[in-house]
Amino acid sequence: MYIDTHAHLTFPEFAVDLPDVIQRAKDAKLEAIINIALDDEALQKSIAIANDYPGYVFTAAGIHPHEASTWKESDYQRFKDLAKQHKLIAIGETGLDYHYKLSPIEQQQTVFRKFLQLAQELDLPAVIHSREASHDTATILREENRGKLKGVLHCFAGDMDLGKAALDMGLYISFTANITYPKANVIREAAKQVSLDRIMIETDCPFLAPQDFRGKRNEPSYVVKVAEKIAEVKGLSIEDVAIASTRNAKQLFRL
Ligand SMILES: [Zn+2]
Ligand SMILES: [Zn+2]
């Protein structure tokens, strides 16, 4: 009924009780979890987890903008080979993060462009991360879109200039549980504006636990809270949001 389209199950927060976490996701009626690997070590672990839960946990991989400075030219071919071995269902996350600027901006932009090119070459969706970089994200998406770009703007922060640019290109917009935070009016307003056939839901766990569990570890089963809040702000039933967001995710990731 639900799909968590963005989880980080390889983080140490899940090292001890991952089987319980997955079981709770199943109990909460999640149909699938997309696990996002941020580096090589995470990728190996992600592939192992996906093998443990075939048809339930899927792997996407890229280089997070924080790690953009680790990019080597040979990575393009390496990711291409990995994807071709059918181990990846999406490329990313990739994008721009100007909040921490852990990698130089120019390097983030270069790597973002490379991954958008790779995603299109492989005909895979891109999982896009943008934090405090809306303008440049929109510009690069427009410049790199060769008419074949598919993907999702994940952890959407509510800037509808970027939102509209993404929607115009046929991308999806994914909301996390930060939509449940009292101060997140901008995100809730955005959820009102984005039509249901473009919305996906995610946890981005272990980060961003919903308001009821704030400060604790987030986990895939809590994605239900995201659907609940979107339903509330759009005046819909939670079933409507679950059905649409799951259909969207299945379409994009070809599940
Ligand atoms: Zn992200
Ligand atoms: Zn993430």
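When all C-alpha to C-alpha distances in the chain are sorted into bins of 10 Å, what percent of pairs does each bin hold, rounded to whole numbers?
The percentages, shortest bin first, are 8, 34, 39, 18, 1.
What lysines does Lys234 reach when the alpha-carbon gap must be under 17 Å and sequence neighbours fewer than 8 apart in one chain are set aside?
Lys192, Lys225
Roughly how large, in nm² to one decimal, is the mean projection of the convex hull of the alpha-carbon atoms in the range 200-255?
Mean shadow area of the hull around the Cα atoms is 4.0 nm².
Under the Karplus relation 6.51 cos²θ - 1.76 cosθ + 1.60, θ = phi - 60°, what is the ordered set of whole-Hz ³J(HN,Hα) values for the range 158-175, x standing for Gly and Pro?
Values, residue by residue: x, 6, 6, 5, 5, x, 5, 4, 5, 5, 4, 8, x, 7, 9, 10, 10, 9 Hz.
Sorting Val21, Val16 on the 10 Å Cβ count, fewest up front, what's the list? If you can, show how the numbers build up before the last one.
Values: Val21 20, Val16 9.
Arranged by neighbour count, lowest to highest, Val21, Val16 become Val16, Val21.
If you add up the charges near Phe11, with Lys and Arg at +1 and Asp and Glu at -1, over every other residue whose beta carbon is less than 12 angstrom from its beta carbon, what do you get?
On the way: positive: Lys45, Arg217; negative: Glu13, Asp39, Glu41, Asp204, Glu219.
Here the count lands on -3.
Tell me, what HN-Hα J-couplings in whole Hz come from the Karplus equation 6.51 cos²θ - 1.76 cosθ + 1.60 at θ = phi - 60° for each residue of the range 4-12, using x for Gly and Pro?
Result, rounded to whole Hz: 7, 8, 7, 10, 10, 6, 8, 5, x.
Using only the Cα atoms, what convex hull volume per residue in Å³ does the range 117-176 have?
On the way: hull volume 4.2 nm³, N = 60.
Once divided by residue count, the hull of the range 117-176 is 70 Å³.
Hey, got the Cα dimensions of the range 1-83 along the principal axes, in Å, largest first?
43, 23, 20
Just to be sure I understand the model, the point goes 7 Å from the Cα along the line to the Cβ. What's the resulting Gln211 to Gln117 distance in nm?
4.5 nm
Work out, step by step, the length gained on full extension between Thr70 and Gln107: first 0.36 nm times the residue separation, then minus their alpha carbon distance; give nm to one decimal.
Details: separation 37, 0.36 × 37 = 13.32 nm, distance 0.93 nm.
Answer, rounded to one decimal: 12.4 nm.
If exposed trypsin sites (Lys or Arg not before Pro) are those in a DSSP loop with at most 15 other Cβ within 10 Å, what is the longest stretch of the chain that has none? It would help to have the intermediate numbers written out before the result.
Values: sites that count: Lys29, Lys72, Lys101, Arg146, Lys148, Lys183, Arg214, Lys216, Arg217, Arg254.
In short, 102-145.
Over the range 98-141, with a single point scatterer placed on each C-alpha, what log10 of the ratio I(q)/I(0) does the Debye formula yield at q = 0.32 1/Å?
-1.25
Which whole-Hz ³J(HN,Hα) couplings does the range 28-36 yield from phi under the Karplus relation 6.51 cos²θ - 1.76 cosθ + 1.60, θ = phi - 60°, glycine and proline marked x?
Rounded to whole hertz, the list is 8, 6, 7, 8, 6, 10, 9, 9, 9.
Using +1 on the beta carbon of Lys and Arg, -1 on that of Asp and Glu, and nothing else charged, what's the dipole of the range 62-253 about the Cα centre, debye to 20?
Numbers: 26 positive and 26 negative charges, 50 e Å.
Charge dipole, the range 62-253, about its Cα centre: 240 debye, nearest 20.
Only loop residues by DSSP count here, and only those with at most 12 other Cβ atoms within 10 Å; note down the GluC sites (Glu not before Pro) in the range 1-108 that meet that. All intermediate terms of the calculation are to be shown ahead of the outcome.
Details: sites: Glu13, Glu31, Glu41, Glu67, Glu73, Glu93, Glu106; in loops: Glu73.
Answer by residue number: Glu73.
Using just the helices of the chain, give the 222 nm mean residue ellipticity in deg cm²/dmol: DSSP H runs with n ≥ 4 each add -39,500 (n - 2.57), and the total is spread over all residues, rounded to 500. It would help to have the intermediate numbers written out before the result.
Values: 9 runs with 109 residues, N = 255.
Rounded to the nearest 500, it is -13500 deg cm²/dmol.
Taken together, the values in this text are just the output of simple stated rules run on the coordinates, not laboratory data. Being a predicted model, the structure only gives us computed values, none of them experimental. Quick reminder, even Gly has a Cβ in these numbers, built from the backbone with ideal geometry, and neighbours come from all protein chains shown.
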